[in-house]
Amino acid sequence: MATFITEECINCGACEPECPNTAIYVGAAQYEFQGGTHDAISNDFYYIVPLKCTECVGHFDQEQCAAVCPVDCCVPDPNHVEAEELLYDRAKQIHPERPFSELSAANSRFRKG
Ligand code: SF4
Ligand code: SF4
């Protein structure tokens, strides 16, 4: 996964446009994945599609949803721990059209001191 949105969410919508992978959807909205449309994961709160979230690896040095959330409810899911390399590969699969820089402190939260 591993970022998810808790029930503390106040549905402000600030996180949705910040996600580089379009992994965040408003509650009850269907989501798009690999050419298909799927039922919402949450009907009450904004939610993150696990298979579209890279913890912002490949893009930014920290999770952008967590950075803007006013109530700090975008948090790592301890039940879905994923390795940096897997998240990086996911980012490349989601964006096959764009080149990715080597992993560094600038585009992976795993490399920050
Ligand atoms: S951690 Fe990054 S990739 Fe995952 S949902 Fe938040 S903004 Fe999107
Ligand atoms: S920024 Fe936080 S409170 Fe606002 S919709 Fe996203 S998860 Fe919910």
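For the pair Val75 and Asp44, how long in nm is the line joining their label points, each one 7 Å along Cα→Cβ?
Going by the 7 Å Cα→Cβ label model, 1.6 nm.
With the contact rule set at Cα under 8 Å and sequence spacing of 6 or more, what percent relative contact order holds for the chain?
The value is 33 percent.
Would you please name the trypsin sites (Lys or Arg not before Pro) within region 6-113 that are DSSP coil residues with at most 10 other C-beta atoms within 10 Å of their C-beta?
Here the trypsin sites (Lys or Arg not before Pro) that fit, given the DSSP loop and packing criteria, are Lys112.
Rank Leu86, Leu51, Leu103 by mean-square fluctuation in a GNM of the chain with C-alpha springs under 10 angstrom and give only the top-ranked residue.
Greatest mean-square fluctuation among the candidates belongs to Leu86.
For the chain, what is the calculated [θ] at 222 nm in deg cm²/dmol (nearest 500), taking -39500 (n - 2.57) for each run of four or more DSSP H residues and dividing by its residue count?
Only helices count here, giving -4000 deg cm²/dmol.
Helix 84-94: angle to the longest alpha-carbon principal axis of the chain, degrees 0 to 90, nearest 10?
The angle comes out at about 70 degrees.
Treating the Cα atoms of the chain as identical point scatterers in vacuum, please give the log10 of the normalised Debye intensity I(q)/I(0) at q = 0.10, 0.17, 0.21 Å⁻¹, two decimals.
At q = 0.10, 0.17, 0.21 Å⁻¹ the computed log10 ratios are -0.27, -0.79, -1.18.
Please give me, ordered by residue number, the chymotrypsin sites (Phe, Trp or Tyr not before Pro) of region 14-113 that lie in loop per DSSP and have at most 15 other Cβ atoms within 10 Å.
Sparse-neighbourhood loop chymotrypsin sites (Phe, Trp or Tyr not before Pro): Phe100.
So what is the accessible area of the chain per residue, in Å², with the probe set to 1.4 Å?
Value returned for the chain: 56 Å² of accessible area per residue.
Give me the percent of accessible area attributable to carbon and sulfur for the chain, probe 1.4 angstrom.
49
The values are calculated or read from the model by the stated rules, or taken from the named source; none is laboratory data. All values reported here derive from a predicted model rather than from experimental measurement. Positions of Cβ are generated from backbone atoms using ideal geometry, with glycine treated the same way; all protein chains shown enter the neighbour counts. The area values use the complete protein model at the heavy-atom level, side chains included, leaving out ligands, DNA and RNA. Shrake-Rupley method; radii C 1.70, N 1.55, O 1.52, S 1.80 Å.
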